[in-house]
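The values are calculated or read from the model by the stated rules, or taken from the named source; none is laboratory data. Every value quoted in this text rests on a predicted model; they were computed, and no experiment measured them. Here the Cβ is made from the backbone with ideal geometry for all residues, glycine too, and neighbour counts use every protein chain on show. These accessible areas exclude ligands, DNA and RNA; they are computed on the full protein's heavy atoms, side chains included. Shrake-Rupley method; radii C 1.70, N 1.55, O 1.52, S 1.80 Å.
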Amino acid sequence: MSEDIKDLDINTIVERIQDASELSYDYYKPLVDSIIAEKASEKEVEHLLDHMLDVCHDDRMLHLFKKVCRRYYSLYPEMIASEILAYKEWYED
């Protein structure tokens, strides 16, 4: 990045955050669709959810996170509960 962060105005920063959120959604949406359609292993689901936690500040990403949790709760309840707890620790007051 050639620009210094202190030289950016707030609108530019907001635009960059929105761009990053859009990229995250575009990246994770097909992965979520795929893992929802099949029966993935607990490790695969955990790996995906762990990485998704980094970008769940975005409502669309949170929706994808919840879809995976709902799909796999009956198969892997302890792991899903752990991921939900991690989400709450990161994002809820």
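Applying the Karplus relation 6.51 cos²θ - 1.76 cosθ + 1.60 with θ = phi - 60° to region 84-93 yields 3J(HN,Hα) values of 5, 4, 4, 4, 4, 5, 6, 10, 9, 6 Hz, where x marks Gly and Pro.
Per-residue ellipticity at 222 nm computed for the chain from its helices equals -24500 deg cm²/dmol, with DSSP H segments shorter than 4 residues left out and the rest contributing -39,500 (n - 2.57). Taking only the alpha carbons of the chain, we obtain Rg and Dmax values of 15.5, 50 Å in that order.
Name the longest site-free stretch of the chain, where the excluded sites are GluC sites (Glu not before Pro) in a DSSP loop with no more than 10 other beta-carbon atoms within 10 Å. The longest such stretch corresponds to 39-91. In this structure the chain gives 70 Å² per residue of accessible area when probed at 1.4 Å with all protein chains present.
Give me the angle, in degrees from 0 to 90, between the Cα long axis of helix 42-52 and the longest principal axis of the Cα atoms of the chain, rounded to the nearest 10. Taking Cα atoms only, the helix is inclined about 20 degrees.
Taking 0.36 nm per residue of separation and subtracting the Cα-Cα distance, full extension of the segment from Ala86 to Ser21 would add 21.4 nm. If you roll a 1.4 angstrom probe over the protein chains with everything in place, what fraction of the accessible area of the chain belongs to carbon and sulfur, to the nearest %? Accessible surface attributable to carbon and sulfur in the chain totals 52 percent.
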